[in-house]
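The values are calculated or read from the model by the stated rules, or taken from the named source; none is laboratory data. Quantities reported herein were computed from a predicted structural model and do not represent experimental measurements. Cβ placement follows ideal geometry from the backbone for every residue including glycine, while neighbour counts extend to all protein chains displayed.
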Amino acid sequence: MPGMRSEACNKNKDIMIVKKNVYDDGRLFLAVCDNDLIGKKFEDEKLQLDLTSSFFNGEEKNAEEIILLVKKSYMVNFVGKESVGFALKESLVEKDNILTIKDIPTAQMLVMI
(Lines give C-alpha, C1' and ligand atoms only; values in the text may rest on other atoms or scores of the structure.)
Protein backbone atom coordinates (compact mmCIF):
# COMPACT_ATOMS: atom_id res chain seq x y z
CA MET A 1 0.00 0.00 0.00
CA PRO A 2 1.29 3.49 -0.70
CA GLY A 3 2.75 5.35 2.21
CA MET A 4 3.76 2.32 4.27
CA ARG A 5 7.27 2.61 5.56
CA SER A 6 8.95 -0.72 6.27
CA GLU A 7 11.53 0.91 8.57
CA ALA A 8 8.69 1.84 10.94
CA CYS A 9 7.63 -1.79 11.04
CA ASN A 10 11.11 -2.94 11.97
CA LYS A 11 11.40 -0.43 14.80
CA ASN A 12 7.92 -0.98 16.22
CA LYS A 13 7.94 -4.27 18.10
CA ASP A 14 4.90 -3.46 20.24
CA ILE A 15 2.15 -6.01 20.29
CA MET A 16 -1.46 -5.15 19.49
CA ILE A 17 -4.58 -7.29 19.47
CA VAL A 18 -5.90 -8.01 15.98
CA LYS A 19 -9.23 -9.62 15.19
CA LYS A 20 -9.81 -10.80 11.64
CA ASN A 21 -13.45 -10.50 10.63
CA VAL A 22 -14.32 -11.94 7.21
CA TYR A 23 -17.46 -10.91 5.33
CA ASP A 24 -19.49 -13.51 3.42
CA ASP A 25 -17.98 -12.21 0.17
CA GLY A 26 -14.45 -12.85 1.50
CA ARG A 27 -13.48 -9.25 2.29
CA LEU A 28 -11.29 -8.88 5.37
CA PHE A 29 -12.16 -6.37 8.09
CA LEU A 30 -9.54 -5.97 10.82
CA ALA A 31 -10.02 -4.64 14.32
CA VAL A 32 -6.68 -3.50 15.80
CA CYS A 33 -6.71 -2.59 19.47
CA ASP A 34 -4.25 -1.83 22.28
CA ASN A 35 -3.72 -4.82 24.59
CA ASP A 36 -4.80 -3.02 27.73
CA LEU A 37 -8.17 -1.91 26.31
CA ILE A 38 -9.69 -5.30 25.49
CA GLY A 39 -12.69 -6.05 27.67
CA LYS A 40 -13.31 -2.42 28.63
CA LYS A 41 -16.07 0.06 27.84
CA PHE A 42 -15.67 3.84 27.47
CA GLU A 43 -18.42 6.43 27.31
CA ASP A 44 -18.64 10.17 27.05
CA GLU A 45 -21.74 12.33 26.78
CA LYS A 46 -22.55 11.33 23.21
CA LEU A 47 -20.46 8.29 22.22
CA GLN A 48 -19.64 4.82 23.45
CA LEU A 49 -16.67 2.57 22.72
CA ASP A 50 -17.42 -1.02 23.73
CA LEU A 51 -14.44 -3.35 23.57
CA THR A 52 -16.10 -6.16 25.53
CA SER A 53 -17.50 -8.08 22.56
CA SER A 54 -15.75 -10.74 20.52
CA PHE A 55 -15.46 -8.24 17.63
CA PHE A 56 -12.18 -6.92 19.10
CA ASN A 57 -10.99 -10.00 20.97
CA GLY A 58 -8.37 -11.44 18.64
CA GLU A 59 -4.73 -12.50 18.61
CA GLU A 60 -1.55 -10.69 19.54
CA LYS A 61 0.33 -9.43 16.47
CA ASN A 62 3.41 -7.27 15.98
CA ALA A 63 3.70 -4.37 13.53
CA GLU A 64 5.09 -6.48 10.68
CA GLU A 65 2.26 -9.00 10.97
CA ILE A 66 -0.32 -6.23 11.09
CA ILE A 67 1.04 -4.57 7.93
CA LEU A 68 0.77 -7.87 6.05
CA LEU A 69 -2.87 -8.18 7.13
CA VAL A 70 -3.67 -4.54 6.36
CA LYS A 71 -2.46 -5.05 2.79
CA LYS A 72 -5.16 -7.73 2.39
CA SER A 73 -7.92 -5.79 4.15
CA TYR A 74 -10.97 -3.94 2.96
CA MET A 75 -11.36 -1.98 6.19
CA VAL A 76 -9.38 -1.58 9.41
CA ASN A 77 -10.58 -0.16 12.70
CA PHE A 78 -7.80 1.10 15.04
CA VAL A 79 -8.52 1.67 18.74
CA GLY A 80 -6.14 3.01 21.39
CA LYS A 81 -3.12 5.28 21.56
CA GLU A 82 -0.64 2.63 20.40
CA SER A 83 -2.81 1.29 17.57
CA VAL A 84 -3.85 4.71 16.25
CA GLY A 85 -0.25 5.94 16.64
CA PHE A 86 0.87 2.98 14.55
CA ALA A 87 -1.74 3.80 11.89
CA LEU A 88 -0.56 7.43 11.80
CA LYS A 89 3.09 6.41 11.56
CA GLU A 90 2.30 4.09 8.65
CA SER A 91 0.16 6.78 6.90
CA LEU A 92 -2.93 4.57 7.09
CA VAL A 93 -5.06 7.30 8.69
CA GLU A 94 -4.87 11.07 8.89
CA LYS A 95 -4.78 12.99 12.15
CA ASP A 96 -7.94 14.90 11.22
CA ASN A 97 -9.90 11.63 11.00
CA ILE A 98 -9.21 10.46 14.55
CA LEU A 99 -12.16 10.41 16.93
CA THR A 100 -11.56 10.43 20.68
CA ILE A 101 -13.98 8.82 23.11
CA LYS A 102 -13.15 9.28 26.80
CA ASP A 103 -9.47 9.93 25.94
CA ILE A 104 -9.28 6.79 23.74
CA PRO A 105 -8.42 7.55 20.10
CA THR A 106 -10.08 5.56 17.34
CA ALA A 107 -9.85 5.73 13.55
CA GLN A 108 -10.90 3.70 10.51
CA MET A 109 -9.12 2.97 7.26
CA LEU A 110 -11.20 2.04 4.22
CA VAL A 111 -9.55 0.76 1.06
CA MET A 112 -11.15 2.25 -2.01
CA ILE A 113 -10.92 -0.10 -4.98
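Worth pointing out:
- Members of region 1-16 that are at pLDDT 90 or above and either touching a helix residue (DSSP H, G or I) at 6+ places or on another chain (Cβ under 6 Å) or closer than 18 Å to D103 by Cβ (or both): M16
- Qualifying residue in region 95-108 (condition: β-branched (V, I, T), farther than 19 Å from E43 by Cα and in contact with a strand residue (DSSP E or B) (Cβ under 8 Å, 6 or more places away or on another chain)): no
- Pairs meeting the criteria (first residue in region 70-98 and more than 17 Å from I17 (Cβ to Cβ), second residue basic (K, R) and surrounded by fewer than 16 Cβ atoms within 10 Å (Cβ to Cβ), beta carbons under 6 Å, at least 6 apart or on different chains) are Y74/R27.
- Against the numbered list (1) farther than 14 Å from I101 by Cα; (2) touching a residue at least 12 places away in the same chain (Cβ under 8 Å), K40 comes up short only at (1).
- Selection status of I98, at pLDDT 95 or above and surrounded by 14 or more Cβ atoms within 10 Å (Cβ to Cβ): yes
- Residue check, L30 at pLDDT below 95 and surrounded by 19 or more Cβ atoms within 10 Å (Cβ to Cβ): no
Listed here are the residues, each with its yes/no results for (1) assigned to a helix (DSSP H, G or I); (2) among the charged types (D, E, K, R); (3) within 15 Å of the chain's Cα centre (by Cα); (4) closer than 15 Å to V111 by Cβ.
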site	(1), (2), (3), (4)
F29	no, no, yes, yes
V32	no, no, yes, yes
K46	no, yes, no, no
N57	no, no, yes, no
E64	yes, yes, yes, no
I67	yes, no, yes, yes
M75	no, no, yes, yes
S83	yes, no, yes, no
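- Hits in region 51-80 - residues which are farther than 16 Å from G39 by Cα and loosely packed, with under 15 Cβ neighbours inside 10 Å: N62, E64, L68, K71, K72
- Evaluation of Y23 against the conditions (1) over 21 Å from I101 (Cα atoms); (2) of a type in the set (S, T, Y); (3) surrounded by 12 or more Cβ atoms within 10 Å (Cβ to Cβ) shows that the sole unmet condition is (3).
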